[in-house]
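Single-structure report; data block below.
Quick note: the coordinates plus some simple rules give every number you see, no bench work behind them. Source: prediction; values computed, not measured. Backbone-built Cβ (ideal geometry, glycine too); neighbour counts: all protein chains shown.
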Amino acid sequence: MEDFNKEDNQPDPEQGSEIGNNKDLYSPYPVISPIAAAFLGLVGGFILYQFLGGLLTLLIFGFELEAAPVNGLRLITIAGQVLFIMLPALLFSKWIYGDVSKIILLKLPRWNELLLFVIGIVILTPMLQSFLYIQNYFVEQWAASSPFISTIKTFLDSLNELIEKTFGNLMRAQNVPEMLLVIITISVIPAISEELLFRGYIQRSFEFKLKPYLAALITAVFFAAYHFNPYGIIPLIILGFYFGFAAYSSQSIIIPVILHFLNNFIAVILYFTFGDDELIQSDVVDPASLNMNILYFSAMLSLFLVLIFFIKKYYKKIKPSGSINAGLS
């Protein structure tokens, strides 16, 4: 049975378990290894949401989803997120660790630390869009010179087109009430549900056994794969890692929830303002545009790294004991 130190989230053989309300020297929690618990959440969440949620959608609306009422699809999407992502995160936390509050940390952040991370997402969002331009330019070049890569690209293009079409259908709104429902479906519910599962339950479980940055990176990779976005895999990993960095640094799930919401909300506003092209078009067709995007990406990356330096400096100042940096390099 593993015991845990609540200061650095690492096993501590000299202390009784801090997880759960049991104050005795022996505690039944966690009931399985934290690594196994993390993968249980990944596999369970994937199966529940992607397969069971998809099956439920087909049972309700049939195979002709394009003919299904869009508000019905939005409501079933919300229900799927809550039932198959948020609820398992809470149930697994309670079952395996005994105390949800020790795993899903709800500490209210200070306004200044929240502001620092919000500035980060404001920089990161256009930076990753610029990265997509650069990435897709080189993908086009490689596909033009290699039949094998061209075949792979054709498959990825068909998958990406399906994702964009589904996403676009959910985003279209004819009036203000529909716009509000889109924001709830795309921005609010996913931010809460996915962060409770990934940065709350899964990353927290990994942190008990792994270095915090490694735990955040592994979680970010699975977070990206979870979205089935072939061309967005690298930006999603970077975004997920930033959410994980925020969750660990602040020791609160609230900040990554807010960041996740803002990222999705920006996408919704761009869609409402500019339509499909601004939201999903990311092809660079000439070297001049490529060079401009490389310069823009480099400038934004420099700003982002400077911000990360100030965030780490901020936490080092308010926690001189180094508790948040334990095990980090």
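Where Rh is the Kirkwood radius over the Cα pairs of region 101-325, the temperature 10 °C and the viscosity 1.306 mPa s, what D in µm²/s does Stokes-Einstein return?
Details: Rh = 18.8 Å.
Stokes-Einstein gives a translational diffusion coefficient of 84 µm²/s.
Can you list the lysines whose alpha carbon sits under 23 Å from that of Lys165, skipping same-chain ones fewer than 8 residues off?
Reachable lysines: Lys153.
Which of the listed residues, Ala89, Ala144, Pro69, is farthest toward the dipole's positive end in region 67-162, when Lys, Arg count +1 and Asp, Glu count -1 at the beta-carbon?
Looking along the dipole axis, the top candidate is Ala89.
Run the simple label-point estimate for Trp95 and His227 please: 7 Å along Cα→C-beta, distance reported in nm.
Result: 2.8 nm between the two label points.
Quick one: if you stick a label point 7 Å off each Cα along the C-beta vector at Leu87 and Thr273, how many nm between them?
The two pseudo-label positions are separated by 3.8 nm.
Looking only at region 109-126, which residues have a backbone nitrogen under 15 Å from a spot 7 Å from the Cα of Ala299 in the C-beta direction?
Taking a point 7 Å out along Cα→Cβ of Ala299, the residues of region 109-126 whose backbone N falls under 15 Å are 123-124, 126.
Phe309 to Val118: FRET efficiency via 1/(1 + (r/R0)^6), r the Cβ-Cβ distance, R0 22 Å, to the nearest 0.05?
Working: r = 17 Å, r/R0 = 0.76.
Calculated value: 0.85.
Are any of the pairs Lys107/Lys313; Lys107/Lys316; Lys107/Lys319; Lys102/Lys209; Lys94/Lys317 more than 22 Å apart by Cα-Cα distance, and if so, which? Before the final figure, lay out each step's value.
Details: Lys107/Lys313 20 Å; Lys107/Lys316 18 Å; Lys107/Lys319 15 Å; Lys102/Lys209 16 Å; Lys94/Lys317 34 Å.
Table pairs above 22 Å Cα-Cα are Lys94/Lys317.
With r as the distance between the Cβ atoms of Lys165 and Leu75 and R0 = 22 Å, compute the FRET efficiency 1/(1 + (r/R0)^6) and round to 0.05. List each step's numbers first, then the result.
Numbers: r = 19 Å, r/R0 = 0.88.
Approximately 0.70, to the nearest 0.05.
Between Ile152 and Ala68, what is 0.36 nm times their sequence separation minus the Cα-Cα distance? Round to one decimal in nm. Intermediate values should be presented prior to the final figure.
Values: separation 84, 0.36 × 84 = 30.24 nm, distance 3.12 nm.
Residue separation times 0.36 nm, minus the Cα-Cα distance, leaves 27.1 nm.
Using +1 on the beta carbon of Lys and Arg, -1 on that of Asp and Glu, and nothing else charged, what's the dipole of region 34-150 about the Cα centre, debye to 20? Walk me through the intermediate numbers first.
Working: 5 positive and 5 negative charges, 98 e Å.
Dipole about the Cα centre, nearest 20: 480 debye.
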